[in-house]
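Student: One structure follows; several queries about it will come next.
The values are calculated or read from the model by the stated rules, or taken from the named source; none is laboratory data. What you see is a predicted model; the values in this text were computed from it and never measured. Cβ placement follows ideal geometry from the backbone for every residue including glycine, while neighbour counts extend to all protein chains displayed. Accessible surface areas use protein heavy atoms only, side chains included; no ligands, DNA or RNA. Shrake-Rupley method; radii C 1.70, N 1.55, O 1.52, S 1.80 Å.
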Amino acid sequence: MPDLGDPVAPDPTRVLVVDDEALVRAGFRALVGSAPDLEVVGEASHGADAVRQARALHPDVVLMDLRMPVMDGLEATRYLVGEPDGPRVLVVTTFDHDEHVFQALRAGASGFVLKDTPPERLLEAIRVVATGESLLAPSVTTRLVAAFVRQPPTAPASSAVDDRLAGLTDREREVLALVARGRSNAELAAELVVELTTVKTHVSRLLTKLGARDRAQLVVLAYETGLVTPSARADG
């Protein structure tokens, strides 16, 4: 029988670290570099440098700080997700002192974690985002939305947004509301008493119908259109 050799290991996930503090960047580099399935391909101290490096290095995931000189993380995120085959952006922030996390999700970030997140959870967050999922822990999302609704009211949702919601089936609206409350696919399947593949089909159709990049954008849309409100999060 021919020797097929050892299976080929997949390429590690390529990570770009963006923070204006050198000590923070060094810590992230050491942590991410300790995982065999992750690789730090570069560092940037501000958003403009992050955009340049992302174009040159083609990372899979960008760990993005928000408050930085020259170009902040919010603007850099808009540039990065607007690029063809752009990287996924995982915002790393001190949430209690930053009011721009919701805007970062609107700009296309795939999720966020706090800077005091335990190391293993940060590594897992990178892996989750790299697979195309979004990272929206229910407990943190509750605080995120609460901060958003405290802001001055903006213009009402456009008719285009309302039309998009009007095109959803009752089940798709139900799934969208549960996604906005932080449910995972497995939790959705259990709550709706359907197969996991059915849930994935519903989420995929929502992404297509609503023109959303990922689940994070679905959450934003659900709150902006009023389908879900903070008062509906009593289940936390």
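Student: Ignoring ligands, DNA and RNA, please state the percent of accessible area on segment 8-110 from carbon and sulfur, probe 1.4 Å. Intermediate results must be reported in sequence, preceding the final value.
Tutor: On the way: 2420 of 4780 Å².
Carbon-and-sulfur percentage of accessible area, whole number: 51.
Student: Roughly speaking, what is the stretch gain from residue 26 to residue 11, that is 0.36 nm per residue apart minus the C-alpha to C-alpha distance, in nm to one decimal?
Tutor: 3.1 nm
Student: Between residue 197 and residue 177, how high is the FRET efficiency from 1/(1 + (r/R0)^6) when r is the Cβ-Cβ distance and R₀ = 22 Å? Nearest 0.05.
Tutor: Values: r = 21 Å, r/R0 = 0.94.
Once rounded, the FRET efficiency stands at 0.60.
Student: How far apart, in nm, are the 7 Å Cα→Cβ label points at residue 94 and residue 190?
Tutor: Placing both labels 7 Å beyond Cα along the Cβ direction yields 3.6 nm.
Student: Put a dot 7 Å past each Cα toward the Cβ at residue 205 and residue 85; how far apart are the dots in nm?
Tutor: Output for this residue pair reads 3.2 nm.
Student: Still on this structure, please answer the following. Under 5 Å between amide H atoms, partner at least 5 residues away or on a different chain: which partners does residue 71 have, H built in plane at 1.01 Å?
Tutor: Residues meeting the criterion, in which the H sits 1.01 Å from N, are 47, 48.
Student: In terms of solvent-accessible area of protein heavy atoms at a 1.4 angstrom probe, what is the ranking of 19, 116, 85, highest value first? Before the final figure, lay out each step's value.
Tutor: Values: 19 0, 116 125, 85 160 Å².
These residues rank, largest area first, as 85, 116, 19.
Student: Something else: Given a Förster radius of 22 Å and the C-beta distance between residue 57 and residue 124 as r, what FRET efficiency does 1/(1 + (r/R0)^6) yield to the nearest 0.05? Write out the running numbers ahead of the final one.
Tutor: Details: r = 23 Å, r/R0 = 1.04.
After rounding to 0.05, the efficiency reads 0.45.
Student: Next question. Which whole-number value in Å³ per residue fits the convex hull of the alpha carbons of segment 55-95?
Tutor: On the way: hull volume 2.8 nm³, N = 41.
Cα convex hull per residue, to the nearest whole number: 69 Å³.
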